[in-house]
Amino acid sequence: MNIRNLDTETVTLLILKLTALLQDAVESGASIGFLPPLSEKEANEYWQDVASALKTPYRILLIATEGDEVIGTVQLDMASRANGSHRAEVCKLMVHTKHRGKGIAQALMHAIEDEARSAKRTTLILDTREGDPSEKLYKKLGYTLAGSIPEYARSADGSLHTTVFMYKLISS
């Protein structure tokens, strides 16, 4: 497995593989802002938006690859205001269903934390659906529960779920 930082041009080159990864994550029930079925057009537009965000100094996108296959991603969305220049949100951690359980998500999280340190971001925040495997992963990695909001995220079946908000203070 290889983890690397992507720029706008590389996202454009890999957009079909990134689209397939996002569709796989959504179809498998991941709570990452989309509901199934996620069309190729909608997934493609999402990655185009990410590519645009990468043109700023406030977004980082890491991908995990195995050979020429994109098997996972995670992003860091850094606060742009002066009073938040120490803060960033970890978002859209996803690993293809064929590759789950191999430590890829953990490796991506360690790598994004290294990116945060390099960017002098010492307060990391994230959110996830309560009870999801990702919540257990984040706790294992030292994230602390800040609170929860009931009925925050909708699932494909229409039910509403509690979302937990977590943080981690890291040294730069």
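Summary table below
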quantity	calculated
Footprinting exposure proxy for THR128, THR12 (fewest neighbouring C-beta atoms within 10 Å first)	THR12, THR128
In sequence order, calculated HN-Hα J values of region 17-28 (Karplus, 6.51, -1.76, 1.60; Hz; x Gly/Pro)	6, 5, 4, 5, 5, 4, 4, 4, 4, 5, 5, 8
Karplus (6.51, -1.76, 1.60) ³J(HN,Hα), θ = phi - 60°, over region 126-132, in Hz, Gly and Pro reported as x	6, 9, 7, 5, 4, x, 5
Candidates ALA111, ALA43, ALA146: whichever shows maximal mean-square fluctuation once the chain is modelled as a Gaussian network with Cα springs under 10 Å	ALA146
Selected from LEU13, LEU145, LEU21 as most flexible by GNM, with the chain as the system and alpha-carbon contacts under 10 Å	LEU13
Residues SER80, SER134, sorted so that the one with the fewest Cβ neighbours within 10 Å comes first	SER80, SER134
The chain: most fluctuating residue of SER39, SER31, SER159 per GNM, C-alpha cutoff 10 Å	SER159
Histogram of C-alpha separations across region 2-94, 10 Å bin width, %	16, 49, 29, 6, 0
14 Å Cα-Cα reach of LYS102 towards aspartates and glutamates, excluding residues that sit fewer than 8 places from it in its own chain	GLU66
Vicinal HN-Hα couplings computed from phi for region 30-38 (Karplus, 6.51 cos²θ - 1.76 cosθ + 1.60; Hz; Gly/Pro x)	4, 8, 10, x, 10, 10, x, x, 9
Amide hydrogen neighbours beyond the local backbone of LEU93, cut-off 5 Å, H modeled	GLN75
DSSP-defined beta bridges in the chain - what % are antiparallel, rounded to 5	90
Span from the region 39-58 Cα centroid across to the region 112-172 one, whole angstrom	22
Positive-pole candidate from SER148, ALA82, GLY103, dipole of region 65-172, charges at beta carbon	ALA82
For TYR58, TYR46, TYR143, order by how many other beta-carbon atoms lie within 10 Å, fewest first	TYR58, TYR46, TYR143
Quotient of Cα Rg and 2.2 N^0.38 Å for the chain, N being how many residues it contains	0.99
For ALA153, distant residues with modelled amide H under 5 Å away	HIS161, THR163
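Each value in this text was obtained by applying a stated rule to the coordinates, not by laboratory testing. Note that the coordinates shown come from a computational prediction; the quantities given were computed from them, not determined experimentally. Ideal geometry is used to build each Cβ from the backbone, glycine not excepted, and the neighbour counts take in all protein chains shown.
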